[in-house]
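Taking it in order: structure first as structure tokens, then the write-up.
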Amino acid sequence: MSCRVAVLISGSGSNLQALLDAAAQEDAPFSVTAVVSNKADAYGLTRAEQAGVPTSVVNHRDYSSRETFDHALIEEIDKCKPDLVVLAGFMRILTPDFVRHYNGRLINIHPSLLPKYQGLHTHKRALEAGDKEHGVTVHFVTEELDGGPPIVQAIVPVKEGDTPELLAKRVQVQEHIIYPMAVTWFAQQRLQMADDRVQLDGELLPHHGVQVSA
């Protein structure tokens, strides 16, 4: 049976599109069964509707606290009984209760080689530090912001004359490759989190996860 994936978005949904495209392949082991946004004007909702995927909006501004918002979000997500919840540009910090509710079946993508550059403005920070390599990480979500164990990282070389915008574009190309890859592994029951470590095909991965080069 196909793995049921719920995707959370806040914006344009380019990573969502990569997942929708992968799910549309004939032999895909997963299907996107719901897309939920905290913003009604998120273009990702249009992408989902065009793909025939049910959408809903849970606006964080309608709630008095992060806790009440996350509770409403859980109720909405659980309507589709997901096997995996994927954060794809979902710009909200999640409460510990939310993370615990989906423990081991909640993943995120972050535009840096974690543990470097948790938080925002990662491309700018990598350039300011003079890094020769930058990249993107898919990781399981834990209660520490951008601190969960990496599943897969794509390493992107920093080029002379790079700006944050140029670097971001090259990193995003890799995002659209490795996110469907990680979701596919999970859907094939090859991937799991065990005691804050990642196992792939029964083997513990290194702390940086699987690394691929752009």
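The values are calculated or read from the model by the stated rules, or taken from the named source; none is laboratory data. Note that the structure is a prediction, hence the values are computed from the model and not measured. Because the Cβ atoms are built from the backbone with ideal geometry, glycine has one as well, and the counts that use them run over all protein chains shown.
Would the range 28-37 turn up any residue that is assigned by TED's automatic domain parsing to the domain that holds Asp97 and touching a Phe, Trp or Tyr at 6+ places or on another chain (Cβ under 7 Å)? Reasoning before the result, please.
Taking the range 28-37 and keeping what is assigned by TED's automatic domain parsing to the domain that holds Asp97, we get 28-37.
If we keep only those that are touching a Phe, Trp or Tyr at 6+ places or on another chain (Cβ under 7 Å) too, we end up with none.
The answer is no; no qualifying residue exists.
Residues being part of a loop (DSSP other than H, G, I, E, B), within 21 Å of Ala187 (Cβ to Cβ) and without any contact (Cβ under 8 Å) to a residue 40 or more places away in the chain: count how many of those fall in the range 23-52. Walk me through it before giving the result.
Going residue by residue through the range 23-52, those that are part of a loop (DSSP other than H, G, I, E, B) are 24-29, 38-42, 51-52.
When the remaining residues are screened for being within 21 Å of Ala187 (Cβ to Cβ), the result is 24-29, 51-52.
Pick out the ones that are also without any contact (Cβ under 8 Å) to a residue 40 or more places away in the chain and you get 24-27, 51-52.
Total meeting the criteria: 6.
Within the range 49-70, is there a residue that is over 19 Å from the mean Cα position of the chain (by Cα) and crowded, with 21+ Cβ neighbours inside 10 Å?
yes
Which condition number in (1) surrounded by 15 or more Cβ atoms within 10 Å (Cβ to Cβ); (2) over 13 Å from the mean Cα position of the chain (by Cα); (3) not in a strand (DSSP E or B) is the one that Leu166 fails?
Exception for Leu166: condition (1).
Of (1) of a type outside the set (A, V, I, L, M, F, W, C); (2) surrounded by 15 or more Cβ atoms within 10 Å (Cβ to Cβ); (3) closer than 28 Å to Ala6 by Cβ, Glu144 satisfies all except one. Which?
With respect to (1) of a type outside the set (A, V, I, L, M, F, W, C); (2) surrounded by 15 or more Cβ atoms within 10 Å (Cβ to Cβ); (3) closer than 28 Å to Ala6 by Cβ, Glu144 is out only on (2).
Take the residues in the range 4-22 that are of a type outside the set (S, T, N, Q), over 12 Å from the mean Cα position of the chain (by Cα) and not in a strand (DSSP E or B); name whichever of them is nearest to Ala34 (Cα to Cα). Outline the logic, then answer.
Initially, the range 4-22 is screened for residues of a type outside the set (S, T, N, Q), giving 4-9, 11, 13, 16, 18-22.
Checking the rest, the ones that are also over 12 Å from the mean Cα position of the chain (by Cα) come to 4, 11, 20-22.
Filter again for not in a strand (DSSP E or B), leaving 11, 20-22.
Working: Gly11: 16, Leu20: 11, Asp21: 15, Ala22: 15 Å.
The residue in question is Leu20.
Of Leu205, Leu114, Leu191, which residue is at pLDDT 95 or above, outside the structural domain of Ala22 (by TED's automatic domain parsing), touching a helix residue (DSSP H, G or I) at 6+ places or on another chain (Cβ under 8 Å) and crowded, with 17+ Cβ neighbours inside 10 Å?
Working: Leu205 fails: touching a helix residue (DSSP H, G or I) at 6+ places or on another chain (Cβ under 8 Å); Leu114 fails: touching a helix residue (DSSP H, G or I) at 6+ places or on another chain (Cβ under 8 Å).
After ruling out the rest, the residue left standing is Leu191.
Quick one: how many residues across the range 89-138 are touching a strand residue (DSSP E or B) at 6+ places or on another chain (Cβ under 6 Å) and assigned to a loop (DSSP other than H, G, I, E, B)?
8
Quick one: is Val86 assigned by TED's automatic domain parsing to the domain that holds Ile9, among the β-branched types (Val, Ile, Thr), more than 22 Å from Leu145 (Cβ to Cβ) and not in a helix (DSSP H, G or I)? Outline the logic, then answer.
Values: assigned by TED's automatic domain parsing to the domain that holds Ile9: yes; among the β-branched types (Val, Ile, Thr): yes; more than 22 Å from Leu145 (Cβ to Cβ): no; not in a helix (DSSP H, G or I): yes.
Here the answer is no, as Val86 does not meet what is asked.
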